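Let me give you the structure first, and then I'll get to my questions.
What follows is calculated from the coordinates using simple rules that are stated; it is not laboratory data. No experiment lies behind these values; they were computed from the predicted model shown. FYI the Cβ positions are ideal-geometry reconstructions off the backbone, even for glycines, and counts take in every protein chain you see.
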Amino acid sequence: MLEIRELTRRFGEHTAVDRVSFEVPAGLMTGFVGGNGAGKTTTMRMVMGVLGIDEGEVRWRDQPITRLDRRSFGYMPEERGLYPKQPILDQLVYVAQLKGMGRVEARTRVQELLERFGLGERGKDHLEKLSLGNQQRVQIIASVLPKPAALVLDEPFSGLDPAAVDSMVDLLREHTRDGVPVLFSSHQLDLVERLCDRLVVLAHGRRVAAGTVTELRDAGVPRFRLVLGGDAGWVRNERGLDVLDLDGPTALVEVREVGAEQHLVAEATRRGDVHEFVRVRPALSEIYREATA
């Protein structure tokens, strides 16, 4: 497990990351979200040792992380690090060799991944000759050479078409099945909600929410949708509730007092037919907006 404890980073008078703590459990995908300038990239750079840590620590497998530990991680930085004027295959083989693979093994693994991402015939091309989306695919391949102990990926899905996203998702899931902890940042909240086991939300350099998507969706004030056989206007007068929306027989309410929902159902039943009474959980995008407001 990768642990981030009270990480803090200042640039002059500005605190970019302020005592941020969270865990990236083994075998799970953790999504890292926040607006521009929230501190995601700075946090990832501290995790990888690219930036120094002013306060706090990073721990790996219950021990302070070392340079050797970090060498076993797969890392995709915000600024991509491959050479635009060098052949793709040669670069990737070189990266794999730097991480301990033999040349023959490295070439086989690289070619396998190029084929997987639809780039099998482009190995001799210079990186700059590829589209931005295909350059991103090459960067992804570089981050998983050789098989990493952990993955730290800054916006890995940026610029990818749906087919490449699917290939990337399959690749990440293979690693999590092998027990690899995966931390990735993304602005694509629908993708984060679909993929992630856990979520960490940053705002203004601070962690403002963390947990599974289900935990975060259940953490707020409970909301319920009530659909009646007749007009629901009377719901406005019920105690312990805030009416968020009212349209004929349908009311959306927030429960502010314990037991108010049971009283609401009892009153609705006394007045007539109740067609529906269900809990309404917010979408991740709504949780994100509330957490970062």
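Using Cβ counts within 10 Å as a stand-in for footprinting exposure, how do Val165, Val95, Val253 rank, fewest first?
Val165, Val95, Val253
Any idea what the relative contact order of segment 220-292 is, in percent, if you count C-alpha pairs under 8 Å spaced at least 6 apart?
With pairs under 8 Å counted, the relative contact order is 39 percent.
Ok, one more. Mind checking which aspartates and glutamates have their C-alpha under 12 Å from Lys124, skipping anything on the same chain fewer than 8 residues away?
Output for Lys124: Asp90.
Rg/Rh for segment 17-132: what does it come to with C-alpha atoms and Rh from Kirkwood?
1.02
P(r) tail for segment 220-292, what percent of Cα pairs lie past 15 Å?
For segment 220-292, the fraction of Cα-Cα distances above 15 Å is 52 percent.
Going through segment 93-160, which GluC sites (Glu not before Pro) have at most 13 other Cβ atoms within 10 Å and a DSSP loop state?
Here the sparse-neighbourhood loop sites are Glu121.
Using the Cα atoms as the points, what is the convex hull volume per residue of segment 98-192 in Å³?
Looking at segment 98-192, the number lands at 107 Å³ per residue.
Can you work out the Karplus-derived ³J(HN,Hα) for every residue in segment 3-8? Use 6.51 cos²θ - 1.76 cosθ + 1.60 with θ = phi - 60°, whole Hz, and x for glycine or proline.
Listing the rounded values in order: 10, 10, 10, 6, 5, 9 Hz.
When the expected Rg is taken as 2.2 N^0.38 Å, what fraction or multiple of it is the alpha-carbon Rg of the chain?
Cα-based Rg divided by the globular estimate yields 1.26.
Averaged across orientations, what area in nm² does the convex hull of the alpha carbons in segment 1-41 project?
Dividing the Cα hull surface by four gives the mean projection, 3.1 nm².
Still on this structure, I have one more. Take each of the peptides 83-93, 141-151, average the number of other beta-carbon atoms within 10 Å over its residues, and list them starting from the highest.
In descending order of packing, they fall as 141-151, 83-93.
Among Gly272, Asn237, Ala260, whose Cα projects farthest towards the positive end of the dipole of segment 220-292, with charges put on the beta-carbon of Lys, Arg (+1) and Asp, Glu (-1)?
Farthest towards the positive pole: Ala260.
Quick one: if you stick a label point 7 Å off each Cα along the C-beta vector at Arg59 and Glu276, how many nm between them?
So the label points at Arg59 and Glu276 sit 4.7 nm apart.
Scan segment 1-50 for GluC sites (Glu not before Pro) in coil per DSSP, keeping those whose Cβ has at most 14 other Cβ atoms within 10 Å, and list them by number.
Answer in residue order: Glu13.
Something else: Setting aside same-chain residues fewer than 8 positions from Lys147, which lysines have a Cα under 16 Å from its Cα?
Partners within reach: Lys99.
Taking segment 195-293, which GluC sites (Glu not before Pro) meet the DSSP loop condition and have no more than 12 other C-beta atoms within 10 Å?
Those that pass, being in a loop and sparsely packed, are Glu257.
Separate question: Explain nothing, just the number: relative contact order of the chain, from Cα pairs under 8 Å at least 6 residues apart, as a whole percent.
21 percent
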